[in-house]
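Engineer: Here's a structure for you.
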2 protein chains.
Amino acid sequence: MNEAGVAPVKALVFDVFGTVVDWRGSVAREVSLAARRLGVETDGFALADAWRGEYAPSMQRVARGELPWTVIDDLHRAALDRLLPRFGLGAMDEAARADLTLAWHRLDPWPDSVAGLARLKRRFVIGTLSNGNVALLVNMARHAGLPWDVIFSAETFRAYKPDPRTYDGAAAMLRLEPAEVMLVAAHNNDLAAAQARGLATGFVARPTEYGPEQARDLHPEGDWDVVAPDFLRLADALGA
Amino acid sequence: MNEAGVAPVKALVFDVFGTVVDWRGSVAREVSLAARRLGVETDGFALADAWRGEYAPSMQRVARGELPWTVIDDLHRAALDRLLPRFGLGAMDEAARADLTLAWHRLDPWPDSVAGLARLKRRFVIGTLSNGNVALLVNMARHAGLPWDVIFSAETFRAYKPDPRTYDGAAAMLRLEPAEVMLVAAHNNDLAAAQARGLATGFVARPTEYGPEQARDLHPEGDWDVVAPDFLRLADALGA
């Protein structure tokens, strides 16, 4: 859609893990460092992938009510405790586990993220709309220099995306109509859920989020309002 | 308290109206402009004071359950509609009333606020903890250049300060102990409520918030951890 077509958009809310930051490379690096401190060689990417693989099932347990409301920091920690023995890291002590869990607060941005957000912020309110908890997103923004106007988290709404309360809630708190808010994400399923609630949609592919063999989310799979290869081109497309 | 004494503090959350921004001067200016457009001379400061005077009773009606949860934007608008006839402005049309209500989104900072916050942000997570709604605080931050890491609002917790849920909620969302969070405010009653929940406290007097005849909150009235005349001196006191 051209600039005129998205003129009503006043705010952009961003998926974060994978869309704004490279969780896989960042977590793998910290896993490898933690393993080396234990004198163990392990595949940091494999543990990062396995850890991320626990993410959706953990949230679904919360969504189904099998777990009480639990923030991602705590889901991450529980998953790490399950995974460490499988990677030869069962001897990791409490302090190291707590610190490694905070690797998710220290994720590095994709190369275009900070510059693109700075441009987009001049024209639009920019915020997160992430399943990460508030403290995680705040610490990440400070670490990575992400210039958010506002942090919306699953924790804000006590519901995980793709629950409609998250998309509806962000628009309501901004006092905007859903069509005035665009979700920007690298994930077609997130965009589909947002579009179903009336939000505008922007797809930015991150073709190495899941590593060099990534087979998902390489292309837009819906009628998204804007498709761009990175945040700078997104800013171009939105006239920012 | 000296720097060593507040060393555990990791985040500062700020009262906003009066503490960070000069609501009275900003609102009075916009009232005067709106009146002039109607061809009416009115006392902008008097209307600003009357408008602000409706604030606490309105929130108390929500807190007592006499009103359902209502954000400040809507409380402001209802109060404006009640007040305009008294100030000879009953003829103001819908668009002008809606715009004037948004004057509260365009409040100007005190002269030291932006520079002080920029310094404090280098060492601490900084956020709002305000009875203003999220959209108001986001728009104000963009208008005034306030570099918040996070926006905490009564709307986040669906409770108005001094409800304990607001102070407790900010610390919990930051994943910090209450003593690791300092409320900074120009109002002794807000600080007393925060201290009762275990937060650290910083008092910055704003002796003209209520105009040249201000008789309240000129001095600290509690055992606050830090007392400073402005945000730059607050940064000095906190080693930021």
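Engineer: For the protein assembly as shown, compute Rg over Rh where Rg is the Cα radius of gyration and Rh is the Kirkwood radius from the inverse mean 1/r over Cα pairs.
Structural biologist: Checking Rg against Rh, the ratio lands at 0.99.
Engineer: Oh, and also: What ranking do B:Met92, A:Met140 get, fewest neighbouring Cβ atoms within 10 angstrom at the top?
Structural biologist: B:Met92, A:Met140
Engineer: Could you state, as a whole-number percent, how many of the C-alpha pairs of the range A:24-105 are farther apart than 22 Å?
Structural biologist: Cα-Cα pairs in the range A:24-105 separated by more than 22 Å: 21 percent.
Engineer: While we're looking at this one, here's another question. Before anything else, pin down the relative contact order of the range B:88-240: Cα pairs under 8 Å, at least 6 apart, normalised by residue count, whole percent.
Structural biologist: The value is 20 percent.
Engineer: Please report how far the C-alpha centroid of the range A:10-73 lies from that of the range B:126-166, rounded to the nearest whole angstrom.
Structural biologist: For the range A:10-73 versus the range B:126-166, the Cα centre distance is 29 Å.
Engineer: Of the options A:Trp51, A:Thr101, A:Trp69, report the single residue whose Cα projects farthest towards the positive end of the charge dipole of the range A:24-105 (beta-carbon charges: Lys, Arg +1; Asp, Glu -1).
Structural biologist: Looking along the dipole axis, the top candidate is A:Trp51.
Engineer: What is the local net charge at B:Lys121, summed over the other residues whose Cβ is closer than 12 Å to its Cβ (Lys, Arg +1; Asp, Glu -1)?
Structural biologist: +3
Engineer: Compute a Gaussian network model of chain A, connecting alpha carbons closer than 10 Å, and tell me which residue from A:Ala35, A:Ala172, A:Ala185 fluctuates the most.
Structural biologist: A:Ala172
Engineer: If you take the charge dipole of the range A:146-206 about its Cα centre, with +1 on Lys and Arg Cβ and -1 on Asp and Glu Cβ, which of A:Ala154, A:Gly202, A:Ala172 is farthest toward its positive end?
Structural biologist: Ranked along the dipole, the leading option is A:Ala154.
Engineer: Can you tell me what share of the DSSP beta bridges in the protein assembly as shown is antiparallel? A percent to the nearest 5 is fine.
Structural biologist: 10 percent
Engineer: While we're on this one: Placing +1 at every Lys and Arg Cβ and -1 at every Asp and Glu Cβ, with all other atoms neutral, what dipole size does the protein assembly as shown have around its Cα centre, in debye to the nearest 20?
Structural biologist: 60 debye
Engineer: Can you give the FRET efficiency to the nearest 0.05 for B:Ala196 and B:Leu218, using r as the Cβ-Cβ distance and R₀ = 30 Å?
Structural biologist: 0.85
Engineer: Sticking with this structure for a sec: When the dipole is taken about the Cα centre of the range B:24-104, and only Lys, Arg (+1) and Asp, Glu (-1) are charged at their Cβ, what size is it in debye, to the nearest 20?
Structural biologist: Computed about the Cα centre, the dipole is about 160 debye.
Engineer: 7 Å from Cα along Cα→Cβ at both A:Ala96 and B:Arg158: what's the point-to-point distance in nm?
Structural biologist: It works out to 4.4 nm between the two label points.
Engineer: Below 11 angstrom from the Cβ of B:Arg165, what's the summed charge of the other residues (Lys, Arg +1; Asp, Glu -1)?
Structural biologist: Charge balance in the 11 Å sphere: +1.
Engineer: Let me ask another. How large is the dipole of chain B about the Cα centre if only Lys and Arg carry +1 and Asp and Glu carry -1, each at its Cβ, rounded to the nearest 20 debye?
Structural biologist: It comes to approximately 400 debye.
Engineer: With the Cα gyration tensor of the range B:104-187 giving a ≥ b ≥ c as the square roots of its eigenvalues, does the rule (a/c under 1.5 for rounded; else a/b larger than b/c for prolate; else oblate) give rounded, prolate or oblate?
Structural biologist: Because a/c hits 1.5 or more and a/b fails to exceed b/c, the range B:104-187 counts as oblate.
Any read-out appearing in this document is the output of simple, stated calculations on the displayed coordinates, not a laboratory observation. Computed from a predicted structure; not experimentally measured. Positions of Cβ are backbone-derived with ideal geometry, glycine not excepted, and every protein chain shown enters the neighbour counts.
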